[in-house]
Amino acid sequence: MGLRIILFWTLLCFAQLSISQNSQHKEAFPDKVTVRLSLQTTSNSFTLRDKITRNKTEFIPNDKSYLGLSVLFRFLEVDFGYAPNFLSENKDNGDSKLITFNIRTFFGQYMQTIDLYKQKGFFFRTQDLTLPIDDLKTFKIGGTSSYIFNPDFSFRAIGFQNEWQTESVGSFIPGVSYYYTKFKLEDPLIENQLEHSFKLAIGPGYYYNWVFDENYLLSAGATGGLGFNYSKADGESSLNGLAQLVFRMTGGYNSETFFSGVNINTQLLSHASDENFILDDSISFLEFYVGYRFDAPKKWIEKADELSRKFGLE
C-alpha cells in the first residue's frame, strides 16, 4: 500500500509538470514597490492532554490585535507591527506581549519561510477553572521548506501580493517543517514543567487558486505531514510521533495598483506518545489587508537584478 501511494504522488507531480510548463497563468510586478497595511491577529496556543484521565489543560494566549505595515520589493519583505491601545481587543491585555516575525522568499520553485513567535501572558484553562497567568512565556522559531511543482502557480498571490494569478491553477507543494520552542512555565499551578521541544514533520500539500473576472481570487489548500517531537520536561527527555495539518484560505481583489483581501491560516501539531502527558501545539493567523503598488526607483531595480543574477533569488 505504501509503494502505491508513493507511485501515485510521483505520477501526479510529473503530470502537473508536463501539463503546465508551457503556459502563462500569472503576472509579476518586478519593477513595483508594494506597500501593505493590515489588521491581524495571531497566536500560538498549547494543549496538555492526560491520556489516563482524559483531562486537558489549555494554555491560551491573551491575544492582541496588531496594525501592520509591510514594504515589499522583488524577493524582500520588511514588516512593522504594533498593538495600539485604542483597539478594544487590547484594552484588557494587562502586561501581555506578543512579537512575531515572518518572512518568505523564493529560489526558483523552492519556497522558504521563517517564523518567530515570542509570547508572554496566557490563560490557564481546565474543565473547572480559567485563570490568567501573566508570567507564562514561550519562544518559538522555525520555518518550512517547500517545492512548488507547478511553475504557473503563484504562492505570492496569496502571500506577498507582489504577484497575481491571472488564470485558475493548482499545484502539488510538498514540504518539511521544523520548529524549536522554549518554555518558561514557572507557575505552581502547573505540575509538569516543560523546558523546550523540537518538532519536525514532512508531507504532501496541495493548493489551488480560483480566479474570477480577472480581478478576484479565492485560494484554498492544505498540507499534511508526519514526523517526530523531541521534548524535555522536568529534566527528562522524550521522543514521540507527530502529525501535522496546515490549512490556508485567501480571498482577494487585485488591480494594477490597488489590492485588498483576507488571509486565514491554521497550523495544528498533534503528538502521539506512550507517556501520560502529551502537549499539542497550534498556530492561528487572521489578517485583513489593503495595499498599493508604485514604480520602484531605477537604482533599486538595478541592484535587485544584480542580486537575482548572483544568488538566484526571485
* To do: Hey, can you tell me all the residues within the stretch 120-158 that are at pLDDT below 80, touching a Ser or Thr at 6+ places or on another chain (Cβ under 6 Å) and open to solvent by less than 20 Å² (accessible area, probe 1.4 Å)?
  => Gly121
* Does Phe80 meet the test of being farther than 24 Å from Leu269 by Cβ, modelled with pLDDT of 55 or more and among the hydrophobic types (A, V, I, L, M, F, W, C)? -> yes
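The values are calculated or read from the model by the stated rules, or taken from the named source; none is laboratory data. Remember, predicted model here, so these are calculated numbers, not experimental data. FYI the Cβ positions are ideal-geometry reconstructions off the backbone, even for glycines, and counts take in every protein chain you see. For the accessible areas, the whole protein counts, side chains as well, though only heavy atoms, and no ligand, DNA or RNA atoms are used. Shrake-Rupley method; radii C 1.70, N 1.55, O 1.52, S 1.80 Å.
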